[in-house]
Structure formats: structure tokens, C-alpha cells
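The values are calculated or read from the model by the stated rules, or taken from the named source; none is laboratory data. A quick note: this is a predicted structure, and the numbers were derived from the prediction, not measured. A quick note on method: Cβ atoms are made from the backbone with ideal geometry, for glycine too, and the neighbour counts reach across all protein chains shown. What goes into the accessible areas is simple: the full protein's heavy atoms, side chains included, and nothing from ligands, DNA or RNA. Shrake-Rupley method; radii C 1.70, N 1.55, O 1.52, S 1.80 Å.
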Amino acid sequence: MKAKPYEDLGVFLAHSATLEREAAERFYELAAMMKVHNNDALHELFLELARYSVEHVNEVEDICKDHDLPSLKPWEYQWPDLEAPENISYESAHYLMSPKEALEAVYKVELKAEAFYRSISLQASDEDIRKYAHLFAEEEHEHAEAAKRSLEELKLSKGQDEKVDLDPPFMPE
Amino acid sequence: MKPKAYKSGVKPIWCPGCGHYSVLNAITKALSVLDQQPEDCVLVSGIGCSARLPAYANAYGFHGVHGRALPVATGIKVARPKLNVIAMGGDGDGFSIGGNHFLHACRRNVDIVYIAMDNEVYGMTKGQASPTTPELWDHSKLTPHGPEVRPFQPCSIALASGASFIARGHSGDPNGLAKMIYEAIEHPGFAFVHVLSQCITYCPEQSEWKERVHDEEVVTADPTEAATFLQREDGFSKGVFYRNPRDVWPMPHQPPQDSNLRKGFEL
């Protein structure tokens, strides 16, 4: 049985690096799929989020390079759910996804990532784990707040959630 | 190699929300754990949305003919036994036009993996009922009352046909699916991985699969026990159900030596 992220600094950092890396990759994937489906607004939004995520990947990897990280198989990570907490689930995306729905999904995963780090910072006895977990939780909190502010700004503008499907999926038999 | 290194530069054109993105991720994660060199792996597909997957992976790929992923994969494995051969496709490709190949691939037990991405619909041709569509699914105008035919049961049929590894995963759990695919690759013989992979464009109700899927790690080598389980389960069980390694085809045979014919014709 592998150590838990709050018990071992290497295991914790391995989780942090994977959490940030998978979030960046997922945002890039979402940006690419929206581009293919001509949802330009969300393409730009997810691309911007992917770029921010890459900055966080670099930050975490910078910390990781001074530590020995265990090699974990994808199914050995101890996430609270089935995937890393900052990943927007595939099934929550749609080609008609609106900016409001996208920002709500972003807000949700940022809160999940914050909760993940917060829980570790509370459970860890190692000072370094507590320090990094607290730092990352604060960063995720800032991201969640930024998503919330963007959502509030969006509510002030009209017509953001209208959905017009110019090419409905079912064949017109 | 990191999982990302097993992805090609080609961007998928699947719909946002499609489960196949997750299957692609699971395959790349499994290959990464195996530290498989891309040139040692072949991904073979037929026709359909899911059959596009080999183009999105950094490995050898063969985008074949509708329903014929398994015969192509069998040929590659028999000719080049050291290659890791993974066949894949959807429920229409694999269980309708390719249904007969599926039965005989299970029976033959060549050492390949078959990943069936089941979304219960023909997506590429705009949403018609497939062999695994529920009887009363009435979303398509071609079947206004639903197909009114019992859905094909891939895992039960794989068991009855002789598959030696049978598992079911869900696209909502890419890490669990990666483990299942890893185990399927490691299994000597025909390994069948049935994946519930949602198509939210034609079947928006499938976004609820995440709530319906449940873990059911049976892992038996007893076909009777596996059959009983598969007849009772609700189609949303996830796990390895059956694992019973047996002789892999083709069998090794020694060439005949010192036959009378050879002796008679020897110079």
C-alpha cells in the first residue's frame, strides 16, 4: 500500500504535479474540441485556462526537482474521485456549451482542487507538506474566486446562454 | 514515456462530451505504464467514430474496413507475434457487421486486445439504433417505437464464444480503465474490454451513466460462475469479470522430420 499524500512529501508532490499537468492537458483538449466545433468563445476561454495551468505545472515541477518522487501508476493516485480533482469531466462538455456553463464547470473543479489541498494541509504532520498544501490551496482558491467573478460579470450581460443549433445532430428523415 | 507522448499531433474531431476521449487517455496511460515503444504497438480499427482513435495515437495504426478490425488484428499478430496488437471499434462496427468476426476471435484466442467502445448508437451516420441500443430507445425517426429488439449482450456472448479475459470499464473512470487495459494487454490470449463510452450528442441520457455504473470485481476463472453473474447483472457493472488463460492460437508445431517422402526424394 502506497503512503497517502498527507503522509509523504514525495507522494504529495507527485499528486500535485499530476493534478496540475492533467488539468492543463484537459483544458488544451477542451480548447481543441471547441475549435473543431466552431465554438470560438470557449476555444479562447479554455486556451487561456490551459496557459495559466501550464504556469502552475512549471511552478510545481520546479519544487519537485529538489525531491525524490515515487513512480505512481495512474490508478495508484489517491484522488477523492475517479479523476484528478481539477479535471473537467468529459461528459460535462458539449458542442453547445455556453460560457456560463464552462465557467461553472471551471469554478466547480477549482473548488474541488482547493478542497483536496486543504484537506491535506489539515491532515499532514510534515511541515513541508503542510506548507506546500496550504500554498496550493490558496492558489486554487484564487482561481475559484476568479471564475466566480467572471460568472458574475457574465450574468450582467444578456444573451450569453442562448443556444442555437444550426446543425442539429439527428438525420432529417 | 509519459502518456502524452503516445498521442499524435492530430486533434480528435469527436464531439465535446464524447467518452472516446477518455478511452484514448486510458490507452495512452496503459502504454506508458508498460513503457511500450510506439513502434512495438499497433492499433487496429474498423469504421465509426471510435475507429478514428488510431489516428490520434503515436503508434502504428490501421484504419480498416467496417467490422473487420479483428481479422486485420489477427493477421498482424500471427505475422508479427512480438507486436502488441490492440483492436478497437464501436458497438455497430463490432457487434453488427463485425459480429461474426467477434465470435470467432473469442473462440480462436489469439493474443490480442479488443476494446469495444459501446455508446449504443451509430453516431457517425447521425444516430441510428445499433445492436446494443435499448429496446425502447425512440430518439431516431428510423425506429420511432425503438428498435423493439433485445440488445446484444457483448460480455455474455464473449464468454459463450470462448474469450479468456472479459472486463467492462467506463469512460468516466479513465484511470480504472487504464488499469483494465493494462491487465488485458498483459493477459495471454484474447482479451475483451467492453467500455461504456457515452455519446451525449445522440443519447444525452448517457451523461447519467456515471451515477449508474458500479464496481463489481468478480474475477472468476469459472465460466459457469461468470455466466450466472453476467445473466444477473444490470449491464452497468464495472470490473474484470472473467480471466481464464488457455492455449493461444496459433499453436506451436514442430515441422515434420525424416518423413518417408523426404527420405525418398533426398538427393
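Give the total of Lys-Lys pairs in region A:9-156 with Cα-Cα distances below 28 Å; include a pair only if its members are 8 or more places apart or on different chains.
The number of close lysine pairs in region A:9-156 is 22.
Given the protein assembly as shown, what percent of its DSSP beta bridges are antiparallel, to the nearest 5?
20
Measuring from centroid to centroid over Cα atoms, what is the spacing of region B:159-199 and region A:80-146 in Å?
30
Give me the accessible area per residue for chain B, probe 1.4 Å, as a whole number in Å².
I get 44 Å² per residue for chain B.
Along Cα→Cβ, 7 Å out, is where each label goes; now give me the distance between the ones at B:LEU136 and A:LYS4 in nm to one decimal.
Each label point is offset 7 Å from its Cα along the Cβ direction, giving 4.5 nm.
Cα atoms only, region A:9-156: Rg and Dmax in Å?
Rg and Dmax of region A:9-156, Cα atoms, are 15.6, 49 Å.
Averaged across the residues of A:72-80, what count of C-beta atoms belonging to other chains lies within 10 Å of each residue's C-beta? Write out the running numbers ahead of the final one.
Working: counts 1, 8, 15, 13, 3, 1, 0, 1, 0.
That works out to 5 on average.
Report, in debye and to the nearest 20, how large the dipole of region B:130-267 comes out about its Cα centre when Lys and Arg carry +1 and Asp and Glu carry -1 on their Cβ. Can you show the working numbers first?
Details: 12 positive and 19 negative charges, 86 e Å.
Computed about the Cα centre, the dipole is about 420 debye.
With +1 on the Cβ of every Lys and Arg and -1 on the Cβ of every Asp and Glu, and nothing else charged, how large is the dipole of region A:9-156 about its Cα centre, in debye rounded to the nearest 20?
360
Averaged per residue, what accessible surface does region A:10-142 expose to a 1.4 Å probe, in Å²?
44
Tell me the carbon and sulfur percent of the accessible area for region B:3-265, rounded to whole percent, probe radius 1.4 Å.
So the carbon and sulfur contribution to the accessible surface is 54 percent.
Once the dipole of region B:59-112 is set up with Lys and Arg at +1 and Asp and Glu at -1 on Cβ about the Cα centre, which of B:ASN84, B:VAL65, B:CYS106 lies farthest towards its positive end?
Of the listed residues, the answer is B:ASN84.
So if we plug the beta-carbon distance of B:MET124 and A:LYS73 into 1/(1 + (r/R0)^6) with R0 = 41 Å, what FRET efficiency do we get, rounded to 0.05?
0.75
Just to be sure I understand: if I project the alpha-carbon convex hull of region B:51-115 onto a plane and average over all orientations, what area do I get in nm²?
Across all orientations, region B:51-115 yields a mean hull projection of 4.0 nm².
What longest region of chain B stays clear of trypsin sites (Lys or Arg not before Pro) that DSSP places outside H, G, I, E and B and that have at most 15 other Cβ atoms within 10 Å?
Looking at chain B, B:142-245 is the longest stretch - no exposed trypsin sites (Lys or Arg not before Pro) with at most 15 other Cβ atoms within 10 Å.
Can you find, among A:PRO99, A:LEU19, A:LEU42, the residue sitting farthest towards the positive end of the charge dipole of chain A, where Lys and Arg contribute +1 and Asp and Glu -1 at Cβ?
Farthest towards the positive end: A:PRO99.
What spacing in nm lies between the two simple spin-label points modelled at B:LYS4 and A:GLU152, each 7 Å away from Cα in the Cβ direction?
Between B:LYS4 and A:GLU152, the label points sit 3.4 nm apart.
Write down the Kirkwood hydrodynamic radius of the protein assembly as shown, to one decimal in angstroms, obtained as one divided by the mean of 1/r over all alpha carbon pairs.
For the protein assembly as shown, inverting the mean 1/r across all distinct Cα pairs yields 23.3 Å.
Using a 1.4 Å probe on the protein heavy atoms, what percent of the accessible area of region A:9-156 belongs to carbon and sulfur? Display every interim value, and only then the final one.
Details: 3370 of 6800 Å².
Carbon-and-sulfur percentage of accessible area, whole number: 50.
Divide the volume of the convex hull of the Cα atoms of region B:172-216 by its number of residues and quote the answer in cubic angstrom per residue.
84
Across peptide B:169-179, how many C-beta atoms of other chains are within 10 Å of each residue C-beta, on average?
Mean number of neighbouring Cβ atoms from other chains: 4.
Based on the Kirkwood radius over alpha-carbon pairs, what value in µm²/s does the Stokes-Einstein equation return for the translational diffusion coefficient of chain B at 20 °C and 1.002 mPa s?
Roughly 113 µm²/s, to the nearest whole number.
Just the number, please: percent antiparallel of the DSSP beta bridges in chain B, rounded to the nearest 5.
Of the beta bridges lying entirely in chain B, close to 20 percent run antiparallel.
Give me the accessible area buried between chains B and A, both sides summed, with a 1.4 Å probe, in Å² rounded to the nearest 100. All intermediate terms of the calculation are to be shown ahead of the outcome.
Numbers: alone 13270 and 10450 Å², together 20820 Å².
The contact between A and B buries close to 2900 Å².
Per residue of B:122-134, how many C-beta atoms from partner chains lie within 10 Å of its own C-beta, taken as a mean?
1
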